[in-house]
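Chemist: Submitted below is the structure of interest, expressed as structure tokens.
The values are calculated or read from the model by the stated rules, or taken from the named source; none is laboratory data. No experiment lies behind these values; they were computed from the predicted model shown. Glycine also receives a Cβ, built like all others from the backbone with ideal geometry; neighbour counts cover every protein chain displayed.
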């Protein structure tokens, strides 16, 4: 048995699970999305569901909202993460404690974080109560609407809170592996501190930042629970809209739900493509 | 590829069930001697999928009902909590699609209304067994409100569990006199902007609230009974959307968003963001006070122009592998003792699905002696102004219409 065949055999159970459950589900979903569902009498495949979904203003608005949530969360998280990593790589008293605290919420589930955001930032949450105690507001409605709001501030807050340490830990490890020698050389040749970061460090950590950001983008684009808990009733984030359509009592709307799920899957697939290209670039250096 | 995948799926799903006696064949159970069914069910398990949003209901099911099943029949009850009953129907539907006809994951569902219609429409229910249950004698099948589930004939495909009637709740410490009819409520909203909202349909309770406005806009429910009628719907719907769009800027958050679940509305009410909440199950208000979510000054009430009532049921899917155990579970749920326990305000406080006057004298006396939680409106008083539910076709149309005309 050749070495590669052995490796393949060892990987077979994992691949079988991924292949059967993941691709099996994907194929079933794809069949339903093209209106092929013999159990309720749909036997003629067609693209009606995609046509209906893509021309539906609700879907387009949800798509826009989801794109906004994912892009804003990812960019904010990445910027804050790189900034934090730059601070945390220096040596200072209490650095270990700071690094520990920085990584702490990596272990907190998203749902728990969402409930925390809800308790803190809702119009009857802790901050609203403090504002009331300080006589800044009279009624809950006077507190700015940060949860269930049209700009998805609550959702983005939760994602940034959770993803900054995620990207940060990857970038920090990256920076520590690279070391500060290149920057030191640049400084010795007359570069300012900012120039050394901008032209020497950033290009080196960029593939790491990019691949971590792509993961965050793909996750926030497809995640259901946070927008379901903290989102407004309309427009709903794409996964919430797809789920609502999937639980519609009318069986005829199942194909549309699956078409939406396929669009989300396609977006994630594109992200994975970008990710693997970024990862390959990083590996090539 | 596909047949292999299905074969594997079927295999993986059916293997745990093979360990115990397979009681998936429903026709063999119908008319069978009850003791035989109990023996077939003994030592097995039953998977009951039900809405899981109330801790007290969950406790009653897991502890009391699960306890009776385990102690008296050796049956393990697995309660699977759902936020939306349609999730369970999707499982059964997916199984039917994959050819799983005798080894489904779902043995029983707490259900009514549109979801029941969907189960019937897709032939997902096991039917015709109700006479086999000894406690079937406690059910009044001649009552149209029991023999029809939201206007759809039950046809022996499910058995009643509870009756419920919609009620509103307010805090006497914050609101002096609550509006006692839909027109009064609309005036109240205009006089008190920002203090009222309702969950966006398809939330169950939010959709019921919208139907109350719909009945009001249609000038009464009489013209809406029977099969769905597009012309009558269009007339009443236009007026309904006008009313709801007119009050929208006066709602919580100026109507820019709506709560997405009754749990969210209850939270807003508890945190004093809004002045009213409501529920299809008024016993929830007593439970809310007991758990400390609401202050003791919270009271529930009905409307002079009536609130909508319904019956809810339990159903057994066609492909349940544990039909004998599911039958035993249904029989336990229908028993006078279990219905009495459920009626106790500290347990749940809901209205029985059986006829109390058909139960033994001591149970009847116990029912008569139940002291209602002071926050829960008297069911008898509520029932004086009861409105019927519409057929499922109307309900879907109203929900869809709301989403298109008010929600967006």
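Chemist: For the stretch B:377-408, enumerate the residues that are within 10 Å of chain A (Cβ to nearest Cβ) and assigned to a helix (DSSP H, G or I).
Modeler: Within the stretch B:377-408, the subset within 10 Å of chain A (Cβ to nearest Cβ) is B:392, B:395-396, B:399-400, B:403-404, B:406-408.
Scanning the stretch B:377-408 gives B:392, B:395, B:396, B:399, B:400, B:403, B:404, B:406, B:407.
Chemist: Could you identify the single residue in B:302, B:267 that is within 21 Å of the chain's Cα centre (by Cα), outside the structural domain of residue B:92 (by TED's automatic domain parsing) and surrounded by fewer than 20 Cβ atoms within 10 Å (Cβ to Cβ)?
Modeler: Numbers: B:302 fails: surrounded by fewer than 20 Cβ atoms within 10 Å (Cβ to Cβ).
Of B:302, B:267, the one residue that is within 21 Å of the chain's Cα centre (by Cα), outside the structural domain of residue B:92 (by TED's automatic domain parsing) and surrounded by fewer than 20 Cβ atoms within 10 Å (Cβ to Cβ) is B:267.
Chemist: Going through B:126, B:51 one at a time, which residue ends up being touching a strand residue (DSSP E or B) at 6+ places or on another chain (Cβ under 9 Å), away from chain A (no Cβ under 14 Å) and crowded, with 18+ Cβ neighbours inside 10 Å?
Modeler: On the way: B:51 fails: away from chain A (no Cβ under 14 Å).
It is B:126.
Chemist: Now for a different question. Out of (1) under 19 Å from residue A:264 (Cβ atoms); (2) exposed (fewer than 13 other Cβ atoms within 10 Å of the Cβ); (3) more than 9 Å from chain B (Cβ to nearest Cβ), the odd one out for residue A:44 is which?
Modeler: So residue A:44 meets the others, but not (1).
Chemist: Might you check whether a residue that is more than 19 Å from residue B:84 (Cβ to Cβ), within 12 Å of chain B (Cβ to nearest Cβ) and buried (at least 19 other Cβ atoms within 10 Å of the Cβ) occurs anywhere in the stretch A:234-242?
Modeler: First pass over the stretch A:234-242, keeping only residues more than 19 Å from residue B:84 (Cβ to Cβ): A:235.
Restricting the remaining residues to those that are within 12 Å of chain B (Cβ to nearest Cβ) gives A:235.
Next, only the ones that are buried (at least 19 other Cβ atoms within 10 Å of the Cβ) stay: A:235.
Yes, the stretch A:234-242 contains a residue that is more than 19 Å from residue B:84 (Cβ to Cβ), within 12 Å of chain B (Cβ to nearest Cβ) and buried (at least 19 other Cβ atoms within 10 Å of the Cβ).
Chemist: Take the residues in the stretch B:106-115 that are at pLDDT below 95 and touching a helix residue (DSSP H, G or I) at 6+ places or on another chain (Cβ under 8 Å); name whichever of them is nearest to the other protein chains (Cβ to nearest Cβ).
Modeler: B:114
Chemist: Among the residues of the stretch A:246-263, is there at least one that is within 13 Å of chain B (Cβ to nearest Cβ), within 30 Å of residue B:198 (Cβ to Cβ), outside any helix (DSSP H, G or I) and within 26 Å of the chain's Cα centre (by Cα)?
Modeler: So far as the stretch A:246-263 goes, yes, one or more of its residues are within 13 Å of chain B (Cβ to nearest Cβ), within 30 Å of residue B:198 (Cβ to Cβ), outside any helix (DSSP H, G or I) and within 26 Å of the chain's Cα centre (by Cα).
Chemist: Of the numbered conditions (1) crowded, with 16+ Cβ neighbours inside 10 Å; (2) part of a helix (DSSP H, G or I); (3) within 14 Å of chain A (Cβ to nearest Cβ); (4) touching a residue at least 40 places away in the same chain (Cβ under 8 Å), residue B:289 fails exactly one; give the number of that condition.
Modeler: All conditions are met except number (3).
Chemist: Further question on the same structure: Quickly run through the stretch B:357-399 and pick out the residues that are under 20 Å from the mean Cα position of the chain (by Cα) and free of Cβ contacts under 8 Å to residues at least 40 places away in the same chain.
Modeler: B:378, B:380
Chemist: For the stretch A:108-184, list the helices (runs of 4 or more DSSP H) that sit wholly inside it and hold at least 3 residues that are under 21 Å from residue A:210 (Cα atoms); which are they?
Modeler: Values: elements: A:110-121, A:126-133, A:153-178.
Qualifying helices (runs of 4 or more DSSP H): A:153-178.
Chemist: Which of (1) farther than 30 Å from residue A:150 by Cβ; (2) in contact with a helix residue (DSSP H, G or I) (Cβ under 6 Å, 6 or more places away or on another chain); (3) at pLDDT 90 or above is the odd one out, the single condition residue A:50 does not satisfy?
Modeler: (1)
Chemist: Is it fair to say residue A:62 is away from chain B (no Cβ under 14 Å), within 22 Å of the chain's Cα centre (by Cα), under 24 Å from residue A:215 (Cβ atoms) and surrounded by 13 or more Cβ atoms within 10 Å (Cβ to Cβ)?
Modeler: Numbers: away from chain B (no Cβ under 14 Å): no; within 22 Å of the chain's Cα centre (by Cα): yes; under 24 Å from residue A:215 (Cβ atoms): yes; surrounded by 13 or more Cβ atoms within 10 Å (Cβ to Cβ): yes.
Spelling it out, it is not the case that residue A:62 is away from chain B (no Cβ under 14 Å), within 22 Å of the chain's Cα centre (by Cα), under 24 Å from residue A:215 (Cβ atoms) and surrounded by 13 or more Cβ atoms within 10 Å (Cβ to Cβ).
Chemist: Considering only the stretch A:124-143, state which residues are at pLDDT 90 or above, within 12 Å of another protein chain (Cβ to nearest Cβ) and either touching a strand residue (DSSP E or B) at 6+ places or on another chain (Cβ under 7 Å) or surrounded by 13 or more Cβ atoms within 10 Å (Cβ to Cβ) (or both).
Modeler: Within the stretch A:124-143, A:125, A:128, A:129, A:132, A:143 qualify.
Each row is one residue, and each column tells you yes or no for (1) under 27 Å from residue B:37 (Cβ atoms); (2) at pLDDT below 95.
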site: B:300; (1), (2): no, no
site: B:310; (1), (2): no, yes
site: B:341; (1), (2): yes, no
site: B:344; (1), (2): no, yes
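Chemist: While we're on this one: Which residue out of B:153, B:144 is more than 29 Å from residue A:232 (Cβ to Cβ), more than 14 Å from every other protein chain (Cβ to nearest Cβ), surrounded by fewer than 20 Cβ atoms within 10 Å (Cβ to Cβ) and over 17 Å from the mean Cα position of the chain (by Cα)? Break it down stepwise before answering.
Modeler: Values: B:153 fails: over 17 Å from the mean Cα position of the chain (by Cα).
Answer to the check: B:144.
Chemist: Kindly provide the set of residues from the stretch B:61-83 that are buried (at least 17 other Cβ atoms within 10 Å of the Cβ) and out of contact with any strand residue (DSSP E or B) (no Cβ under 8 Å at 6 or more places or on another chain), ordered by number.
Modeler: Correct list: B:64, B:68, B:73.
Chemist: Evaluate the following for residue B:81: is it free of Cβ contacts under 8 Å to residues at least 60 places away in the same chain, on the phi > 0 side of the Ramachandran plot and in the same structural domain as residue B:350 (by TED's automatic domain parsing)? Show your work before the answer.
Modeler: Details: free of Cβ contacts under 8 Å to residues at least 60 places away in the same chain: yes; on the phi > 0 side of the Ramachandran plot: no; in the same structural domain as residue B:350 (by TED's automatic domain parsing): yes.
So residue B:81 does not fit the description; no.
Chemist: Same structure again: Pull up the stretch B:252-267, narrow it to residues that are outside any helix (DSSP H, G or I) and free of Cβ contacts under 8 Å to residues at least 40 places away in the same chain, then point me to the one that is nearest to the other protein chains (Cβ to nearest Cβ). Break it down into steps so the answer makes sense when it comes.
Modeler: Applying the first criterion (outside any helix (DSSP H, G or I)) to the stretch B:252-267 yields B:256-261.
Filter again for free of Cβ contacts under 8 Å to residues at least 40 places away in the same chain, leaving B:256-257.
Numbers: B:256: 6, B:257: 4 Å.
Filtering first and then ranking leaves B:257.
Chemist: Return the residues of the stretch A:218-228 that are surrounded by fewer than 23 Cβ atoms within 10 Å (Cβ to Cβ), part of a helix (DSSP H, G or I) and within 12 Å of chain B (Cβ to nearest Cβ); say none if nothing qualifies.
Modeler: Residues satisfying the conditions are A:225, A:228.
Chemist: Here is a further query. What are the residues in the stretch B:273-286 that are touching a residue at least 24 places away in the same chain (Cβ under 8 Å), touching a helix residue (DSSP H, G or I) at 6+ places or on another chain (Cβ under 7 Å) and within 13 Å of chain A (Cβ to nearest Cβ), if any?
Modeler: Across the stretch B:273-286, the qualifying residue is only B:274.
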